[in-house]
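What follows is a single structure, written as structure tokens, with notes after it.
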Amino acid sequence: MARLFACGWIEKMKKKVFIDGKEGTTGLQIYERLAVRDDVQLLTLSEELRKDVAARRDCINQADIVFLCLPDAAAKESVALCENDKTKIIDASTAHRTAEGWAYDFSELGDDFKQNIATSTRIANPGCHASGFISLVYPLVKAGILPADYPLVAHSITGYSGGGKKMIAQYESEDREAALDSPRQYGLTLTHKHIPEMTKVCGLQKTPIFNPIVADFYCGMCVTVPLFSDMLCGEYSSKKIKDFYMDFYRGKRFVSVAQGEESFLAANPLANTNEMQIYVGGNDNQILLCSRFDNLGKGASGAAVQNMNIALGLPEDAYLK
């Protein structure tokens, strides 16, 4: 009897989690990360019910944590299905990243970000490209080193998994087109969906030019921002900027600053981790900032689980080590 009571108590203590949109790349990765945990109970729907509004409403309102891995319009519809003030919603779509009342969940940017994640019931997960850009630009603007009206340009190379199931199938097809052997630029109208959050979160007065590139590797990402030293607010060499980042990210579990020199900077060394690495190159006149990480990890599902941990009052690296 005592053992049955203990098992029932443990089951009751588990946090209920529902992933709305579990079939997509990010949703599947979140599911796989949570399925091995003994502190959560995953609420799932059968294939027949996964698009049933009543069934989804029931799961959303039962859950302590809801992950939204949906297109923007569907994500907004799911938020409207929540009828209580206790369910914490973590939205992995673009829908709420610049919305009022939503915490932007990049905890390494400061204690205020982390506190907002811990106390909010509405949390917006950053975009993958945006995570790399913001990790580089936000600290410099906040410190007054980089002018808010600086004409920023960013290049970002990503593995093809960032394009979801359709792009993964395209790249992994036996009879794929030859163009896929080469890196491909996209977002050619300069209106990529991550630009609004990059601009707002960093407090920029001038919209950056953003150049995303997809290449023939599964996962990994490297975001690059070049700067002219004489356009910064003060005298800054690449070494001085590197020292600044080391101070800013000191003690952060998942963000570190690369040491030493690199002849080649690959985009995929941190695949299958939740780590992010800042690299500073260049010289006294021109500075090259790079942020590399896994577009499916720190750029998506890993960040979402990290922020779930914070929202539940757990160590942020719980089950992410």
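Conditions (1) at negative phi; (2) in contact with an Asp or Glu (Cβ under 8 Å, 6 or more places away or on another chain); (3) aliphatic (A, V, I, L, M); (4) free of Cβ contacts under 8 Å to residues at least 12 places away in the same chain, marked per residue:
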residue: 122; (1), (2), (3), (4): yes, yes, no, no
residue: 131; (1), (2), (3), (4): yes, no, no, no
residue: 144; (1), (2), (3), (4): no, no, no, no
residue: 154; (1), (2), (3), (4): yes, no, yes, no
residue: 162; (1), (2), (3), (4): yes, no, no, no
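Step by step: first the residues of the range 196-206, then only those that are assigned to a helix (DSSP H, G or I) and in contact (Cβ under 8 Å) with a residue 24 or more places away in the chain, then the one that is nearest to residue 153 (Cα to Cα). Which residue is that?
198
Take the range 25-34 and flag every residue that is surrounded by 17 or more Cβ atoms within 10 Å (Cβ to Cβ) and not hydroxyl-bearing (Ser, Thr, Tyr).
Here is the first cut: in the range 25-34, the residues surrounded by 17 or more Cβ atoms within 10 Å (Cβ to Cβ) are 25-31, 33-34.
Residues satisfying the conditions are 27, 28, 29, 30, 33, 34.
Sort out for me the strands (runs of 3 or more DSSP E) sitting completely within the range 207-321 that have 2 or more residues that are at pLDDT below 95 and not hydroxyl-bearing (Ser, Thr, Tyr). Steps first, please.
Values: elements: 209-215, 221-228, 255-257, 276-282, 286-293.
Counting at least 2 such residues, we get no strands (runs of 3 or more DSSP E) at all.
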Legend entry - For residue 252: the one exception among (1) over 18 Å from the mean Cα position of the chain (by Cα); (2) within 23 Å of residue 110 (Cα to Cα); (3) surrounded by fewer than 20 Cβ atoms within 10 Å (Cβ to Cβ): (1)
Legend entry - Test for residue 209: is it over 26 Å from residue 186 (Cα atoms) and over 19 Å from the mean Cα position of the chain (by Cα): no
Inset, instruction - Could you tell me whether the range 157-166 includes any residue that is modelled with pLDDT of 95 or more and under 30 Å from residue 235 (Cβ atoms)? - result: no
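The values are calculated or read from the model by the stated rules, or taken from the named source; none is laboratory data. Since this is a predicted model, take the numbers as computed values, not measurements. As a convention, Cβ positions derive from the backbone with ideal geometry for all residues, glycine included, and neighbour counts pool all protein chains shown.
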